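Chemist: Got a structure for you, written out below as structure tokens; questions coming shortly.
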Amino acid sequence: MIKKYQHLIAGHWQGDGEIPNINPSDTNDIVGLTTSASSTEVREAISAAHAARNVWAYSNPQQRFDVLDRAGSEILNRAGELGELMAREEGKPIKEATGEATRSGLLFKFFAGEALRLTGDIVPSVRPGVTVEITREPIGVVGIITPWNFPLAIPAWKIAPALAWGNTVIFKPASNVPGCAWELADILVRAGLPDGVLNLIYGSGSAVGSALTESGLVDAISFTGSVVVGNQLAVAATKKGIRVQTEMGGKNPMVVLDDADLDLAVEICINGAFFSTGQRCTASSRLIVTKGIHDRFVASLEKRMRELKVGNALDPATEIGPVVDQSQLEQDCRYIEIAKSEGGEVVGGEILQRSTPGFYLAPALIKGTNNDMTINREEVFGPVASIIRADDYDEALSIANDTWFGLSSGICSTSLSHVSHFKRNSRSGMVMVNVPTAGVDYHVPFGGTKASSYGAREQGAYAKEFYSVVKTAYVSP
Ligand code: NAP
């Protein structure tokens, strides 16, 4: 029996699932049937979140801790099963998918604790007899719009802090990963969330996005996805005075210097560039390699890349799953062709057949590129990385920074002075030293600079800058 994924509005599951959700590893496999909200349903969800806002804003921190902690425990206990759903739905290899489910459980546990850790300040006023109290309050109703590439972790790192600090939520997941969103909402409801505090809406991003910005009842929107959509949303939200946070794309550089440990650098680049099928905003898509190590590095990387096992995401031996869908596959192939036409030498990148019909693409390495080529300017969002040769560290750093994105950057080196200089001078929100550009902890801030991010940081204690508002009270007895 195929599962039907319904909206959750004011505590009620509703809507008739009829849109098939296809497994990218096996297009004959229908994972579930989802639905698309009417404008009335979107309005109802927003009203429900608005009606519930005081109940949750004035709830006891212990109540918020308990709900989030219970949800975190259930996610951790069911990580294998949720990972399997994610592997079927999104094509993430089962080991990585289970890891993402575990991380999502830990995110809920962390933010459960944050519900108890919220503090304020009392400071003496400059006026005699007056005291100043600085406290934080929930911002109110938050719209949360998420992409498909981390179908549990990204919703978790937005919903958990929103709820921890007393906000109510309208959650709109990417249309091709309805199952993970449904499981998350179901877990939170059963963990004891009052009706209307979390509302789940499926449907077209543009319809839900404009309903959120136009309703007049939404106080903040947290978005992760593409630059084009994020920027449109940020403009629409700021026009209405809605607090907005957008996490978008990347063209992340990994610099490999002559003094790097060769084997370690190769493993770091294989992981950063190709794991999760390269469908990570933090993927290392530009590998900038200095001339003394260039040839050895490229030869080793190419050999290792060719050994990667591309296959069905549910097969435990698979290292690289399928691309998420047909249109993403076409986008990846188009960028590979552009790279070729602009003079790049392509290794790999073939469409593959497996025992089940799916969107399988061999990882692709584009050799002999320069930083002006399209492949090094635009985000591909697939298992495609390019090699850029640099004369020395200074040139490598300058190439690394020559991008309009600024999410993550990395360096493989054993030189303390180069590593220290890179940490200080790389223009990105996250800098990785001898670790992949992708793969982050769940308890520290996440976010970028330039076109990659707009607004306050996500995750860790810093997330309160977005999900709460500061009040300053002057008190005279
Ligand atoms: P997307 O097309 O921008 O979609 C993201 C979300 O926005 C989806 O839920 C989508 O709904 C919705 N949406 C689409 N049009 C909208 C509109 N006009 N108004 C409001 N919402 C709208 O991005 P994607 O293809 O899912 O994800 C890939 C992108 O996400 C990449 O660029 C990647 O770099 C970025 N990303 C960034 C981060 C980060 O933290 N920086 C993390 C992961 C991914 P539908 O699915 O219904 O279209």
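The values are calculated or read from the model by the stated rules, or taken from the named source; none is laboratory data. Note that the coordinates shown come from a computational prediction; the quantities given were computed from them, not determined experimentally. Here the Cβ is made from the backbone with ideal geometry for all residues, glycine too, and neighbour counts use every protein chain on show.
Chemist: Looking only at strands (runs of 3 or more DSSP E) that lie completely in region 243-290, which have at least 1 residues being of a type in the set (Val, Ile, Thr), within 20 Å of residue 451 (Cα to Cα) and within 17 Å of the chain's Cα centre (by Cα)? Reasoning before the result, please.
Modeler: On the way: elements: 243-247, 252-256, 284-290.
Here the list reads 243-247.
Chemist: Does region 224-246 hold any residues that are of a type outside the set (A, V, I, L, M) and either farther than 16 Å from residue 208 by Cβ or away from the ligand (no atom under 11 Å from the Cβ) (or both), and which are they?
Modeler: Within region 224-246, the first condition is being of a type outside the set (A, V, I, L, M), and the residues that meet it are 224-226, 230-232, 238-241, 243, 245-246.
The answer is 231, 238, 239, 240, 241, 243, 245.
Chemist: Restricting to region 214-238, name every residue that is surrounded by 22 or more Cβ atoms within 10 Å (Cβ to Cβ), farther than 13 Å from residue 147 by Cα and of a type outside the set (Gly, Ala, Ser).
Modeler: Selection gives 218, 221, 233.
Chemist: Anything in region 455-477 that is more than 13 Å from the ligand (Cβ to nearest atom), at pLDDT 95 or above and of a type outside the set (Gly, Ala, Ser)? List them, or say none.
Modeler: 462, 464, 465, 466, 467, 469, 470, 471, 472, 474, 475
Chemist: Residues in region 377-412 that are within 15 Å of the ligand (Cβ to nearest atom) and under 25 Å from residue 454 (Cβ atoms): how many?
Modeler: 13
Chemist: Does region 360-370 contain any residue that is in contact (Cβ under 8 Å) with a residue 12 or more places away in the chain and more than 24 Å from residue 253 (Cβ to Cβ)?
Modeler: If we filter region 360-370 for residues that are in contact (Cβ under 8 Å) with a residue 12 or more places away in the chain, which is where we start, we get 360-370.
Now restrict to residues that are more than 24 Å from residue 253 (Cβ to Cβ): 360.
Yes, region 360-370 contains a residue that is in contact (Cβ under 8 Å) with a residue 12 or more places away in the chain and more than 24 Å from residue 253 (Cβ to Cβ).
Chemist: Then there's this: Would you please name the residue that is nearest to the ligand (Cβ to nearest atom), looking only at residues in region 416-452 that are within 16 Å of residue 402 (Cα to Cα) and either β-branched (Val, Ile, Thr) or at pLDDT below 95 (or both)?
Modeler: Checked region 416-452; the qualifying residue nearest to the ligand (Cβ to nearest atom) is 449.
Chemist: Next question. Residues that are buried (at least 20 other Cβ atoms within 10 Å of the Cβ) and either touching a helix residue (DSSP H, G or I) at 6+ places or on another chain (Cβ under 9 Å) or hydrophobic (A, V, I, L, M, F, W, C) (or both): which strands (runs of 3 or more DSSP E) entirely in region 380-477 hold 3 or more of them? Don't jump to the end; show me each part of the working.
Modeler: Working: elements: 384-390, 408-412, 430-433, 468-475.
Strands (runs of 3 or more DSSP E) meeting the threshold: 384-390, 408-412.
Chemist: Could you check region 23-39 and list, in sequence order, the residues that are farther than 22 Å from residue 356 by Cβ and either modelled with pLDDT of 95 or more or under 25 Å from the mean Cα position of the chain (by Cα) (or both)?
Modeler: Within region 23-39, the subset farther than 22 Å from residue 356 by Cβ is 35-39.
Correct list: 35, 36, 37.
Chemist: In addition: Can you pull out the residues in region 343-388 that are acidic (Asp, Glu) and touching a Ser or Thr at 6+ places or on another chain (Cβ under 8 Å)?
Modeler: Across region 343-388, the qualifying residue is only 379.
Chemist: Cβ contacts < 7 Å: first residue on the phi < 0 side of the Ramachandran plot and assigned to a helix (DSSP H, G or I), restricted to region 214-236; second residue near the ligand (Cβ under 10 Å from one of its atoms) and not hydroxyl-bearing (Ser, Thr, Tyr), any location; separation 6+ or different chain. Result?
Modeler: Once the first residue is on the phi < 0 side of the Ramachandran plot and assigned to a helix (DSSP H, G or I) and sits in region 214-236, its partners that are near the ligand (Cβ under 10 Å from one of its atoms) and not hydroxyl-bearing (Ser, Thr, Tyr) give 227/248; 227/249; 229/205; 230/223; 230/248; 233/209; 233/221; 233/223.
Chemist: Give the residue that is nearest to the chain's Cα centre (by Cα), with candidates limited to residues of region 189-204 that are crowded, with 18+ Cβ neighbours inside 10 Å and not in a loop (DSSP other than H, G, I, E, B).
Modeler: This residue is 200.
Chemist: Check whether at least one residue in region 344-358 is surrounded by fewer than 17 Cβ atoms within 10 Å (Cβ to Cβ) and either within 22 Å of the chain's Cα centre (by Cα) or in a helix (DSSP H, G or I) (or both), and report yes or no.
Modeler: no
Chemist: Would you check which residues across region 49-69 are surrounded by fewer than 23 Cβ atoms within 10 Å (Cβ to Cβ), in a helix (DSSP H, G or I) and over 23 Å from the mean Cα position of the chain (by Cα) and list them?
Modeler: 50, 51, 53, 54, 55, 57, 61, 62, 63, 65, 66
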